[in-house]
Amino acid sequence: MNKHLACPACGCTRFTQDRTTSYDEIVMACFSPNGEVKDEQIEEQECSGEEASDPYRCRDCGWEFVDENGEPISEPKEVVAKFEQTPGGSDQHDDYDPGWIPLGSVTIDTARLLLLDPIHQGRVDAEAKDGQIAVHGGDYTAVQVPTGIGDGRYRVEGRVLNSPIFGQRLAEIRVRFLDEHGNWLGADPQQPQQTKK
């Protein structure tokens with residue numbers, strides 16, 4: 001079991017919070033001949049109350065601890081409940097991985113999946129073999145992979161990271177055809193899924 005809760009959007013375990021806090025202080029100071037404060041030192045300091053605090057948010061992707069009204073969450077039970085929720089709500093599955101977020105779904109009928117920039121749509125040979133394939137009209141390529149299973153609608157998930165160069169960006173995607181137990185994941189989300197006996 002992990003020692004720390006991980007961000008459901010990117011898997012990070014570090015969270016930040018902007019906080020404004022007021023203090024009661026006793027300070028000791030000297031004054032220069034022209035009346036400026038010099039050598040000020042705090043002798044005593046006591047927190048007199050927290051004036052305001054923003055919600056905690058993931059250090060890497062910015063996911064926030066807020067309720068459905070956008071209010072910050074801080075009670076431990078509410079925090080745990082928030083972590084257990086899946087981004088996308090109704091897209092929650094028993095095999096949900098907290099490092100990945102749902103992006104949508106892809107329908108597959110031919111047991112093949114084509115990864116292609118949309119600008120090159122229609123410029124690929126539909127009968128091409130699996131693997132890296134040429135895109136007509138230039139030095140462009142696409143990748144076609146055999147899924148081994150057709151006639152299904154499969155979840156597409158992504159992992160978002162905070163890049164020091166580009167900011168928050170989609171770092172990788174995946175399409176899952178089988179779960180870790182070999183069960184088919186292509187059933188319509190509204191229909192019960194068949195499990196391997």
*Single residue of segment 111-141 satisfying the filter (charged (D, E, K, R) and in contact (Cβ under 8 Å) with a residue 24 or more places away in the chain) that is surrounded by the fewest Cβ atoms within 10 Å (Cβ to Cβ)*: 117
*When the residues of segment 142-189 are filtered to those that are among the polar types (S, T, N, Q) and touching a strand residue (DSSP E or B) at 6+ places or on another chain (Cβ under 9 Å), which remaining residue is surrounded by the fewest Cβ atoms within 10 Å (Cβ to Cβ)?*
163
*Go through segment 165-184 and count every residue that is of a type in the set (Gly, Ala, Ser) and modelled with pLDDT of 85 or more.*
1
*Quick one: in segment 21-68, which of the residues that are modelled with pLDDT under 80 and part of a loop (DSSP other than H, G, I, E, B) is surrounded by the fewest Cβ atoms within 10 Å (Cβ to Cβ)?*
68
*Out of all the residues in segment 107-119, is one or more more than 20 Å from residue 173 (Cα to Cα) and within 30 Å of the chain's Cα centre (by Cα)?*
yes
*Which of the following residues is of a type in the set (Ser, Thr, Tyr), modelled with pLDDT under 90 and in contact with a Leu (Cβ under 8 Å, 6 or more places away or on another chain): 195, 110, 147?*
147
*asked:* Looking at segment 118-137 only, could you name the residues that are assigned to a loop (DSSP other than H, G, I, E, B) and in contact with a helix residue (DSSP H, G or I) (Cβ under 9 Å, 6 or more places away or on another chain)?
replied: 136, 137
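The values are calculated or read from the model by the stated rules, or taken from the named source; none is laboratory data. What you see is a predicted model; the values in this text were computed from it and never measured. Note: ideal-geometry Cβ built from the backbone for every residue, glycine included; neighbour counts use all protein chains shown.
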